[in-house]
Structure formats: structure tokens, C-alpha cells
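The values are calculated or read from the model by the stated rules, or taken from the named source; none is laboratory data. Predicted, not measured: the structure shown is a model, and the values here were computed from it. All Cβ positions, even for glycine, are placed from backbone atoms using ideal geometry, and neighbour counts span all protein chains on display. Please note that ligands, DNA and RNA were not included when accessible areas were found on the heavy atoms of the full protein model with its side chains. Shrake-Rupley method; radii C 1.70, N 1.55, O 1.52, S 1.80 Å.
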Amino acid sequence: MTDIMEACRQVANAADTLAQAKFGVGEIAARKSLERAATFLGRAMRKHGRMP
């Protein structure tokens, strides 16, 4: 269960970074980071039976 919480924190941090980088130099990297974090969250949720 703790890996789900960690994954949620990663998604939140990545979303914050993207919001701060919006239309700036780091926007593409921030989007990719958010995508990776969301993938990790999905994997953790499936592992614990929280997603189909």
C-alpha cells in the first residue's frame, strides 16, 4: 500500500513541476516526468487490485 502513496506523491510532484514549467523551457521534460509517474501509479494500483 505504501507504494501507492509514494506513486501518488510522485504524480503530485510531477504535476506541480509541469504547472510551474508551463509554456517554459522545462515543459517537455515535466510532461514526460508526469507520464512516467502516472504509469508507475497505474502499475502500483493494478498490483494491489485497485485498477482493472
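Of the listed values (1) 12.1, 38; (2) 19.9, 64; (3) 14.7, 49, identify the label whose number matches Rg and Dmax of the Cα atoms in Å calculated from this model. Recomputing Rg and Dmax of the Cα atoms in Å here picks out (1). Let's test the formula: R0 of 22 Å, r as the Cβ-Cβ distance of Arg50 and Ala19. What FRET efficiency results, to the nearest 0.05? About 0.30, to the nearest 0.05. Length gained on full extension, Ile28 to Arg43, computed as 0.36 nm times the residue gap minus the Cα-Cα distance: 3.1 nm. Per residue, the chain exposes 75 Å² of accessible surface when a 1.4 Å probe is rolled over the protein heavy atoms with every protein chain present. Placing dummy labels 7 Å off each Cα toward the beta-carbon, the span from Cys8 to Arg36 is 2.3 nm.
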